[in-house]
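Colleague: Take this structure first; my questions come after.
The values are calculated or read from the model by the stated rules, or taken from the named source; none is laboratory data. Everything quoted here is computed from the prediction, not taken from an experiment. Glycine also receives a Cβ, built like all others from the backbone with ideal geometry; neighbour counts cover every protein chain displayed. For accessibility, only protein heavy atoms count, side chains too; no ligands or nucleic acids. Shrake-Rupley method; radii C 1.70, N 1.55, O 1.52, S 1.80 Å.
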Amino acid sequence: MNNLMLMTGATGFLGGANAVEAIHRGLGKNLLLLARAETPAAAHARVIENLLLLGASAADAAQIGVEQILCCDLSELDKISGDPRLDRVSVVIHSAALATFSNHPLLETINVDGTLALGNLMHQRPALKRFMYIGTAMACGEGAGINAVVKEQIDLPLGDEHLVAYTRSKAMGEKKLRDIYPDLPVVYVRPSIIVGHTVLGCAPSQSIFWVFMVWQLLGALTTSLDEKVDVVPVDWCAQAIIDLAQKETLTHNVFHISAGLGSCVSFREIDLALAAARGIEPIGATYKQITPDAIPTLLPRMRECVPECNDRLLLRALKLYGAFAGLNYIFDNQNLLTEGIRPAPRFTDYIALCVESAKHIPIAEQMKWDFK
């Protein structure tokens, strides 16, 4: 019998893209997808709806039957521990997470405890050769960059270096998984800033894209136009992850799924591409670089440019994103490139698709992707 690939997070953005990519590689019938719902049929419906949103055709989606759904929450994995198919799983791709920049009370419950429960479910299974933990490159915290380049290294900070609780929870999930299940063959996969899709633009998710729109509307942020940002599309991330999942052996166990030095773009390039897509003049000549403490001075301009937004939430969001932007991180991806993974597309190559696909969606609605 064929080995199986167990995926979590197939109802989410990156996890759903991973499932679509696996189906496109002919792996559809080998997938087991963990999804929560009241019934397997309801979980299956949630998965299929998301796969269609992320570019799966009807024929693609038809490859996933309800019998391939493990209907279970990460907090209840004991219910499925006796499923004999788990002994045929050779690769786990764990993408499920609560990805939010709000201080959600369940962050550690889902992102840490849920990860450990999955580790407990899968460690010492006879066929398992790779457990891919999908983290985030931003879990490196503040002060990690040497000349703004963050290396692919195993250790992550767990203290006050984190700008948001989400990145700390992902770092903690990695550390505890390693400490509690040292025999688990974990590969740490850390995507950088995921924005949009090279074919679908921001139709599946407007996460973070709205920040660039607001930045241009306001004409001010905490970084210079010549600093660079590490942005990657979700479909390329999924391609890289499935590439790693399918390789017989890997030279490393830590990977940044990132633009790196070769594909990162400057804020000036983003301004030019974004302006061209919107049919406006770029803001370069009038742009102001400000400190995070000065962001509240933008409030009158915020009310003028994005009147539908909650002032307090948008102000808090801009402070957070302004702090991230001020780090000017580029995530080194030499480990990834050494494995033969093709470089990421540049954000500016598909930004026009993002503009077109999101132009009828109010900024306030787009923000909901990041503040659950």
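Colleague: List the residues whose amide H sits under 5 Å from the amide H of HIS197, counting only those 5 or more places along or on another chain, with H placed 1.01 Å from N in the peptide plane.
Modeller: Hits under the 5 Å cutoff: CYS202, VAL234.
Colleague: Roughly speaking, to the nearest percent, how much of the range 236-368's 1.4 Å accessible area is carbon and sulfur?
Modeller: 52
Colleague: Over the alpha-carbon set of the chain, work out the extent along each principal axis and list the three values in angstrom, largest first.
Modeller: Between the extreme Cα coordinates on each principal axis of the chain lie 63, 42, 39 Å.
Colleague: Here's another thing I want to ask about it. Tell me which residues come under 5 Å, amide H to amide H, from LEU32 once H is placed; ignore anything under 5 positions away on its chain.
Modeller: Here MET5, LEU6, MET7 satisfy the definition.
Colleague: Give me the accessible area per residue for the chain, probe 1.4 Å, as a whole number in Å².
Modeller: Spelled out: the 1.4 Å probe surface of the chain, per residue, equals 41 Å².
Colleague: State which entries of LYS79/LYS170; LYS228/LYS319; LYS288/LYS372 exceed 23 angstrom in Cα-Cα distance in the structure shown.
Modeller: LYS79/LYS170; LYS288/LYS372
Colleague: On to the next question. Take the range 280-366, drop everything but the C-alpha atoms, weight them equally and run the Debye formula without solvent; then report log10 I(q)/I(0) at 0.24 Å⁻¹ to two decimals.
Modeller: Per q value, in the given order, log10 I(q)/I(0) is -1.32.
Colleague: I would also like to ask the following. List the residues whose amide H sits under 5 Å from the amide H of VAL254, counting only those 5 or more places along or on another chain, with H placed 1.01 Å from N in the peptide plane.
Modeller: Hits under the 5 Å cutoff: TYR188.
Colleague: Could I have the simple spin-label model distance between ASN253 and ALA285, label points 7 Å from Cα toward Cβ, reported in nm to one decimal?
Modeller: With each label point 7 Å from Cα toward Cβ, the separation is 5.6 nm.
Colleague: Keeping every protein chain in place, order ASP243, ASP160 by accessible area at 1.4 Å, biggest value first, i.e. largest first.
Modeller: So, going from the largest accessible area down, we get ASP160, ASP243.
Colleague: Moving to a separate point now. Can you pull the percent of the range 1-127's accessible area that's carbon plus sulfur, 1.4 Å probe, other chains left in place?
Modeller: Numbers: 2820 of 5340 Å².
Summing carbon and sulfur atoms, their accessible area is 53 percent of the total for the range 1-127.
Colleague: Roughly how many percent of the accessible protein surface of the range 143-235 is carbon and sulfur, given a 1.4 Å probe and a whole-percent answer?
Modeller: 53
Colleague: Something else about it: Just by accessible area at a 1.4 angstrom probe, what is the order of TYR166, TYR133 from largest to smallest? Walk me through the numbers on the way to the answer.
Modeller: Numbers: TYR166 30, TYR133 0 Å².
From most accessible down to least: TYR166, TYR133.
Colleague: Hey, what do the phi angles of the range 70-79 turn into as Karplus ³J(HN,Hα) couplings, whole Hz, using 6.51/-1.76/1.60 and θ = phi - 60°, x for Gly and Pro?
Modeller: Working through the residues one at a time gives 8, 7, 6, 8, 4, 7, 10, 5, 4, 5 Hz.
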